[in-house]
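Only one structure is covered here, and it is reproduced in the block below.
Quick note: the coordinates plus some simple rules give every number you see, no bench work behind them. Since the model is a prediction, treat every value here as computed from it, not as a measurement.
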């Protein structure tokens with residue numbers, strides 16, 4: 001999956017506001033020294049750290065008391081709100097005192113902080129995982145699966161055919177990156193006597209060569225990477241019984257063109273729910289697999305006209321009492337919760353309507369209540385709700401016009417919320433499960449907040465060009481905005497399907513304040529397919545990535561120009577990964593709107609990206625040639641007329657350098673001027689420190705040269 005702008009430097013902001021009010025004479029401006037030498041006054045102060053529930057009635061966190069810099073441990077009685085300074089910690093979960101981990105490529109076990117070395121060899125162990133009863137640890141080595149018995153202190157090898165292309169319990173690239181978000185493909189059964197695992201055959205997948213110029217002879221690595229339309233790895237699903245080391249294979253055709261998601265053990269561990277999906281990714285089936293015979297029966301079946309997201313680890317939630325299971329689905333166009341029995345039969349929807357459920361927070365099985373978060377009141381905010389398992393008596397538990405991040409107590413009697421909006425610094429409050437505020441725990445608004453003039457923020461809605469959507473937009477205005485002046489604009493985006501970047505949340509940084517002083521408008525925009533309008537909106541992107549994002553981004557920019565705020569000759573769009581694609585697409589397809597762009601590790605043509613992510617939205621190059629053509633930046637390179645800065649890590653194993661290289665080559669053939677910087681040793685989400693500093697500096701120079709048209713001030717470059 002394309003990463004959400006990992007190098008996004010702090011000047012790229014999310015929140016915003018309208019024109020600044022006239023400054024009050026008693027308020028001060030932040031000085032250059034304060035902003036550039038990190039000597040910021042206490043406009044905002046740190047919130048408590050390491051917040052955890054000791055037990056259901058005691059909340060524990062570490063706090064700094066301004067201006068004292070020492071951390072002090074605070075315990076709050078959730079029933080009264082009374083707090084004391086205390087070092088006491090409450091009940092420790094049974095397995096917290098036991099853990100397995102890697103150190104110097106070997107496996108270690110810690111029990112009550114007593115460390116024991118378990119392995120001592122040249123090979124590397126990976127993904128060590130304790131069994132539920134903490135008696136054994138499972139891990140992989142050389143693509144084979146092993147267990148280590150922590151009572152007998154003996155190792156047992158469970159699979160024997162691991163190789164460069166056969167992986168037992170370890171994920172291939174496309175499963176690691178796109179489906180599971182993990183390299184681990186084994187799962188302990190709840191009885192600690194069975195392990196389910198994937199046996200992956202990566203040999204059908206074409207190998208891509210990645211090179212770098214380091215050393216005398218350079219660096220070369222081969223990567224099994226299925227690009228759009230290529231063959232995928234073949235998967236077998238095995239269940240190992242540790243009693244006799246016998247493997248039972250689930251009844252699937254390993255050679256079929258298919259995908260598998262994370263399996264779920266049913267309570268009791270007698271069967272395994274396996275998520276299966278066809279290559280087109282529009283049919284999800286969950287099968288109930290007998291762990292002794294491998295036989296399967298259909299548990300759940302969902303089809304959509306566009307696609308279904310397979311990599312949804314929150315899809316299945318079992319009730320602990322064995323009375324049913326909650327399944328999450330966006331089949332109506334909006335993500336909701338559905339109550340099923342243990343055989344998969346639908347009992348009733350729990351939630352419904354044109355809003356998005358974002359997650360289950362707690363299930364009160366005794367009272368048959370489900371606590372969940374959703375974006376209902378406003379799509380840019382999250383709230384906590386409760387409803388009956390029968391779908392009745394829905395109630396909002398959080399308060400005000402804020403975005404809430406919620407954590408419930410172990411028994412669900414209380415919760416804390418970390419909340420804010422674009423104009424309110426972040427606070428933390430303690431509430432009971434009826435929504436009653438027990439105590440305001442912390443406020444990040446500092447003692448100097450009212451003494452300084454800082455950039456204001458505003459969350460707006462802008463009508464899309466076709467009038468169908470009110471697009472969420474956040475804007476950061478320059479300090480002391482002159483209504484008669486047009487300002488350069490930076491549009492900071494990620495884009496992509498179901499990837500919202502606009503949130504009604506507080507954000508503050510010294511670099512943002514610097515650019516507000518310099519006279520830049522920062523904008524963040526969510527398009528119709530960002531998730532703000534549910535799956536219903538995201539479906540617009542089917543078989544035509546890029547098109548609707550750019551239509552909606554352009555509509556907002558044109559609106560700002562029409563209002564007299566934006567300088568139409570200085571519109572810069574910047575982003576990383578999918579956002580890099582958007583920047584390149586804007587400077588080619590939408591070159592009449594966007595003059596400047598800064599792109600990091602961009603996909604430039606979707607035929608160059610992987611099967612699972614790309615085909616979910618685009619189909620294959622064979623069955624959707626027109627969609628691949630119109631979504632490619634190469635198709636519109638002849639329209640390019642502004643200035644684009646492209647950067648890319650040389651050994652990026654996610655979005656290959658091949659992408660940027662092809663656009664660079666095309667622009668060269670057309671005799672176009674652009675800037676390009678590659679980084680030796682750079683992966684998709686990591687540059688070493690010196691190169692990251694260089695990366696930030698060239699972006700700063702680009703902004704000053706083309707948008708501000710003046711030299712970079714002393715001290716701004718690192």
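Rounded, prolate or oblate: which one fits the stretch 193-307, using the alpha carbon gyration tensor with axes a ≥ b ≥ c (rounded when a/c is under 1.5, else prolate when a/b beats b/c, else oblate)?
Since a/c reaches 1.5 but b/c is at least a/b, the shape of the stretch 193-307 is classed as oblate.
I want the antiparallel fraction of DSSP beta bridges within the stretch 467-599, as a percent rounded to 5.
The answer is about 25 percent antiparallel.
For the stretch 106-159 and the stretch 404-440, compute the distance between their C-alpha centroids and round to whole Å.
If we compute the Cα centre of each part, the gap is 40 Å.
Among DSSP beta bridges whose residues both lie in the chain, state the antiparallel percentage, nearest 5.
About 85 percent, rounded to the nearest 5.
Could you give the distance between the Cα centres of the stretch 308-373 and the stretch 667-718, to the whole Å?
46 Å
Where does the chain land at 222 nm, in deg cm²/dmol rounded to the nearest 500, when only DSSP H runs of n ≥ 4 count, each adding -39500 (n - 2.57), divided by all residues? Let's see the in-between values first.
On the way: 9 runs with 86 residues, N = 718.
-3500 deg cm²/dmol, from helical runs alone.
Quick one: grab the alpha carbon gyration tensor of the stretch 426-565, order the square roots of its eigenvalues as a ≥ b ≥ c, and give me rounded if a/c is under 1.5, else prolate or oblate depending on whether a/b is larger than b/c.
oblate
Considering only the stretch 453-708, what is the antiparallel percent among its DSSP beta bridges, to the nearest 5?
Around 30 percent of the beta bridges assigned by DSSP in the stretch 453-708 are antiparallel ones.
For a test of the definition: using alpha carbon positions, the gyration tensor, and the 1.5 limit on a/c, classify the stretch 480-544 as rounded, prolate or oblate.
Prolate is the answer for the stretch 480-544, as a/c is 1.5 or above and a/b outweighs b/c.
Given contacts defined as C-alpha pairs under 8 Å and at least six residues apart, what's the relative contact order of the chain, whole-number percent?
Averaging sequence separation for qualifying contacts and normalising by length gives 13 percent for the chain.
Taking the alpha carbon gyration tensor of the stretch 453-708, what are the square roots of 5 times its eigenvalues, largest first, to the nearest whole Å?
On the way: eigenvalues 150, 103, 59 Å².
Each semi-axis is √(5λ); the values are 27, 23, 17 Å.
So how far, in whole Å, is the C-alpha centre of the stretch 177-215 from the one of the stretch 509-537?
Value for the Cα centre distance between the two parts: 36 Å.
Two decimals, Cα atoms only, Kirkwood Rh: what is Rg/Rh over the stretch 608-682? Provide the component values of the computation, followed by the final result.
Values: Rg = 13.8 Å, Rh = 13.8 Å.
Answer for the stretch 608-682: 1.00.
The stretch 384-457: D in µm²/s via Stokes-Einstein (Kirkwood Rh, Cα pairs, 20 °C, 1.002 mPa s)? Intermediate values should be presented prior to the final figure.
Numbers: Rh = 13.9 Å.
Roughly 154 µm²/s, to the nearest whole number.
Once Kirkwood radius over Cα pairs in Å is worked out from the coordinates, which option in [x] 28.0; [y] 27.2; [z] 31.9 does it equal?
Among [x] 28.0; [y] 27.2; [z] 31.9, the one derived from this structure is [x].
Before anything else, pin down the relative contact order of the stretch 307-435: Cα pairs under 8 Å, at least 6 apart, normalised by residue count, whole percent.
About 13 percent, as a whole number.
I need to check one value: relative contact order of the stretch 510-646, counting alpha carbon pairs closer than 8 Å and at least 6 residues apart, in percent. Numbers along the way, then the final one.
Working: 199 pairs, mean separation 32.1, N = 137.
Once normalised by length, the contact order is 23 percent.
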